Amino acid sequence: MSASKPQLSEKDITDFVVRENLERYTGAAWQGSFTEYLAQVAKDPYRHTRTAYQLVYDMIMHYGHEGFEDSGEEVRRYRLFDDPFNGGKSAIYGLERTIERLVKFIRSGAREGGKERIFILHGPVGTAKTSILDLMARGLEGYTATDEGAVYSFAWRFGKDFHSEGAPGLGFGQAAAGGDYAGIKNPVAVLPSQMHEHPLFLIPRAVRRDLLSQLFERAGISARRAIPHKIIEGELDFNSKQIYDFLMRRYKGDWLKVMDHVLVQRMVFSESGGTGIAKIPPEGNVETASTPVTIDENFKYIANLISSVSLVRFHGKYVRGNRGLVHYSDIFKKPVGYLQHLLSAVEEHKMDFSEVSCDIDVMIIGTTNLAEYSAIRADPLSKALRSRIRKIDVPYLLNYQDEEKIYNRGLRMARRYHKIAPHTTEMAALWAVMSRVQKSDLPHSTDVPEETRQVLSKLTPLSKTLLYAGEYPPNLSGKERQQLTREVRKRLRNEYPDEGMDGIPTRILQNLFADLCEDDDSDCITPFSVFKLLDQVVEQGPVNYDFLARQRDDSYHDFRGFTTVLRMRYDEIISSEIENSIINVDNNEIEARIREYLKHVTAYNRKEKLRNEVTGRDQEPDDKLMRRLESLMDVEDSERDFFRFKMVSRLTNALTGGTGHIKAGDSGVARIDFYEVYSDVFKVIPRSLYKEKRDRINWNNIKRDLEKHSSREALDKTVEKEGKADHAPAITLLDNLEKSYGYVYECARPIVLYFIERRLGNR
């Protein structure tokens, strides 16, 4: 009998929560005197003089990045957009180029290499524009909670006897024993900086530059990291300036005594808490305003303590977002005149709050769709605003593998209740990207070699889609594939800056899958289900779907024809999977054949002989053996030498590079994953074996078993009752489809029946 697990007590649970959060909270909740804060500045002046742009850029870099090749071009992927906060549930797929451009602009602003701009994420609906900004907001929340990302502001504090009835003004009498805030005994009033102002603004501008320059020099910070202009020239907001001037007069210019009233506080950004992050909806929001403190009880108490100082209450999203990020959702749904305040925000770094103006330090990002941006461009009043904009296009995805990830993420929960056949989301993703790609004009470019132009002219929507995903189109020979060099693929990918800005929206496909999942009568969602719904979409025409208005250009934008093309591709896929499964091919046998081929090809390439293991004599490589495999790969005579060279090169590259090609062997010793390296060969060899055995396969028995049994449980009961003899082919086929390709019975059943009826003509 196994020992029962000890039960967690209430104290165990509470202790765990306290232990896990105490250290994090303690650091994030730091507060101290101004002199204590200056000591921190002296240790790391760069971190304490960052602008909003620098903070956002450092935040993105904090989460890390990695490089990879996409269509012949080195691209960087920033891990922030993998959603490290929620297990990847909101990860951004396939927009690395877009995000890299955004990060480049942010870096430029961080380095003050040019004038700051309003960033606009521009694209059709459903392209993850808002998701990008949401992850940036989450990133700032997480980053500012770390020591590396610490941000500081301050508050004014006043002691118990600061103002007594009948004796206005400062009057610190004998303080009772109690709390001490760095010199202020028994504080009774604390007024945080509403604008989350930088504590360094409390240092007079006349000495601020020299002081910070000395601190940078002593810290040995590179001259490239110049002190930001905003930090050098920044001013206190209206309230803080009033209080500062009042105290300076009261203390006759003794700045240190004024600083005794300052409590420096660490601030952790929070969108919901209104700190450092603000999101402005398209309608119904007041962005900036100020009101007298007389209508606010919290401020009224402070104002009574300092009766000669006029204070105001700031309102709006810029109060919340200062020092961080301000996100305008659907920015151009607002009238142009309403957005004119953005001019001073980016040019002068100021914002008007009614009659009061304040310095601000924010990074402003908006989102907009195609129609709204087109409308704003036509407005003559928008010219000045548009000159301050950095437009960043956010297209639909052009890599079908990334598109498929989005569908699979949305179906993750649905898979608990619905069976989904392999390749279902793959076919939908291929159709989606085919609707977005444009016919290349490179076949007509005189600076492109003739042979290359001929190959490019063969690119269909499907072959171009496959190429964008790093796959060679099947309609090209090995020799033709040689023409698609890294430079050619790069040029092809960058030919049309607006490629991907039109086509079927991802949301439509997501909605189609949602509709399919709502059909409780369906045992399995298959590619056939998707093809049917896509045909229905096309039938509805451009009245319902704008992308269908695109004019057909050969096979491009032939939306009705896409389904036909993909049905043919899907037929080939399931034929291969069913054929491989019915003959019960052994991958070890295939690997042995490939190894034998490579042995002879290696000797052939090196112009060496092989020792015959039977006779012990040296002999020439077996040309018949090599040609047997090459014929399966449709290698032409003129391409044999190149093919043989590439086959050996693939093995060499796997040994020296890609970790995905290496796996642990049975003995624990690392070895080459031949299936990964030679996946195309693993597909053709079984097909040849199938051709040898297909006439001996009783498809009618398999058809009978599948038609008769609606579930695997029912089939297994029949086998148990009648024996395996007549049912062995069906059992072998179903088991291998599950083991090798991930089919469940409910999905394998209709697909195998389709294969038998349509491909073999057996009824």
Checklist entry - What is the one condition in (1) in a helix (DSSP H, G or I); (2) within 28 Å of K43 (Cα to Cα) that D134 does not satisfy? => result (2)
Item to check | Long-range neighbours under 9 Å by Cβ, at least six apart or interchain, first residue surrounded by fewer than 16 Cβ atoms within 10 Å (Cβ to Cβ) within segment 711-739, second of a type in the set (F, W, Y) | outcome: S711/Y745; E713/Y745
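Within segment 336-375, which residues are assigned to a strand (DSSP E or B), of a type in the set (A, V, I, L, M, F, W, C) and closer than 30 Å to D546 by Cα?
The one that is assigned to a strand (DSSP E or B), of a type in the set (A, V, I, L, M, F, W, C) and closer than 30 Å to D546 by Cα: I365.
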Checklist outcome for this item: Counted residues in segment 140-154 being crowded, with 22+ Cβ neighbours inside 10 Å, part of a helix (DSSP H, G or I) and in contact with a Pro (Cβ under 9 Å, 6 or more places away or on another chain) come to 0
Item to check | Count of segment 631-654 residues which are of a type in the set (V, I, T) and part of a helix (DSSP H, G or I) | outcome: 2
Item to check | Selection status of I132, of a type in the set (V, I, T), without any contact (Cβ under 8 Å) to a residue 60 or more places away in the chain and under 29 Å from L467 (Cα atoms) | outcome: no
Checklist entry - What is the number of the single condition among (1) over 31 Å from the mean Cα position of the chain (by Cα); (2) modelled with pLDDT of 90 or more; (3) not polar (S, T, N, Q) that E579 does not meet? => result (2)
Checklist entry - Which strands (runs of 3 or more DSSP E) does segment 215-318 wholly contain that include 2 or more residues that are loosely packed, with under 15 Cβ neighbours inside 10 Å and modelled with pLDDT under 90? => result 289-292
Checklist entry - So which residues in segment 392-420 are within 30 Å of I106 (Cα to Cα), in a loop (DSSP other than H, G, I, E, B) and touching a Phe, Trp or Tyr at 6+ places or on another chain (Cβ under 8 Å), if there are any at all? => result L397, L398, N399
Checklist entry - Which residues, counting only those in segment 90-114, are in a loop (DSSP other than H, G, I, E, B) and either under 13 Å from I132 (Cα atoms) or at pLDDT 95 or above (or both)? => result S90, A91, I92, Y93, G94, L95
Checklist entry - Across segment 88-101, which residue is surrounded by the fewest Cβ atoms within 10 Å (Cβ to Cβ) among those that are closer than 17 Å to G64 by Cβ and not β-branched (V, I, T)? => result G88
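Quick one: in segment 542-552, which of the residues that are over 9 Å from G503 (Cα atoms) and either touching a residue at least 24 places away in the same chain (Cβ under 8 Å) or surrounded by 11 or more Cβ atoms within 10 Å (Cβ to Cβ) (or both) is nearest to the chain's Cα centre (by Cα)?
Y545
Results for (1) touching a His at 6+ places or on another chain (Cβ under 9 Å); (2) among the small types (G, A, S); (3) at negative phi; (4) modelled with pLDDT under 95, shown as yes or no for each residue.
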site	(1), (2), (3), (4)
L370	yes, no, yes, yes
A378	no, yes, yes, yes
L381	no, no, yes, yes
M413	no, no, yes, yes
A421	no, yes, yes, no
M427	no, no, yes, no
L430	no, no, yes, no
Next on the checklist: I'd like to know if segment 388-395 contains one or more residues that are loosely packed, with under 14 Cβ neighbours inside 10 Å and farther than 23 Å from A278 by Cα.
Outcome noted: no
Next on the checklist: Can you list residue pairs whose Cβ atoms sit under 6 Å apart, with the first residue in segment 483-500 being closer than 20 Å to L121 by Cβ and the second being in a loop (DSSP other than H, G, I, E, B)? Count only pairs 6 or more apart in sequence or on different chains.
Outcome noted: Y496/Q438; E499/Q438; G500/P395; G500/Y396; G500/L398; G500/R436
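The rows are residues; the columns are (1) among the β-branched types (V, I, T); (2) surrounded by fewer than 20 Cβ atoms within 10 Å (Cβ to Cβ).
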site	(1), (2)
S477	no, yes
Q482	no, yes
D498	no, yes
I504	yes, no
L509	no, no
Item to check | Which listed residue is within 24 Å of the chain's Cα centre (by Cα), of a type outside the set (A, V, I, L, M) and surrounded by fewer than 16 Cβ atoms within 10 Å (Cβ to Cβ), from E404, E451, E471 | outcome: E471
Next on the checklist: Could you list, ordered by first residue, the pairs with Cβ atoms under 7 Å in which the first is in segment 54-79 and free of Cβ contacts under 8 Å to residues at least 60 places away in the same chain and the second is hydroxyl-bearing (S, T, Y) and assigned to a strand (DSSP E or B), at least 6 apart or interchain?
Outcome noted: H65/Y78
Checklist entry - Can you name the number of the only condition in (1) polar (S, T, N, Q); (2) assigned to a helix (DSSP H, G or I); (3) without any contact (Cβ under 8 Å) to a residue 60 or more places away in the chain that S440 fails? => result (2)
Item to check | Members of segment 404-428 that are of a type in the set (A, V, I, L, M) and free of Cβ contacts under 8 Å to residues at least 40 places away in the same chain | outcome: M413
Next on the checklist: Against the condition modelled with pLDDT under 95 and surrounded by fewer than 16 Cβ atoms within 10 Å (Cβ to Cβ), how does G72 come out, does it pass?
Outcome noted: no
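The values are calculated or read from the model by the stated rules, or taken from the named source; none is laboratory data. Bear in mind that the values here come from a model prediction, so they are computed numbers and not experimental data. Cβ coordinates were reconstructed from backbone atoms using ideal geometry, including for glycine residues, and neighbour counts include every protein chain displayed.
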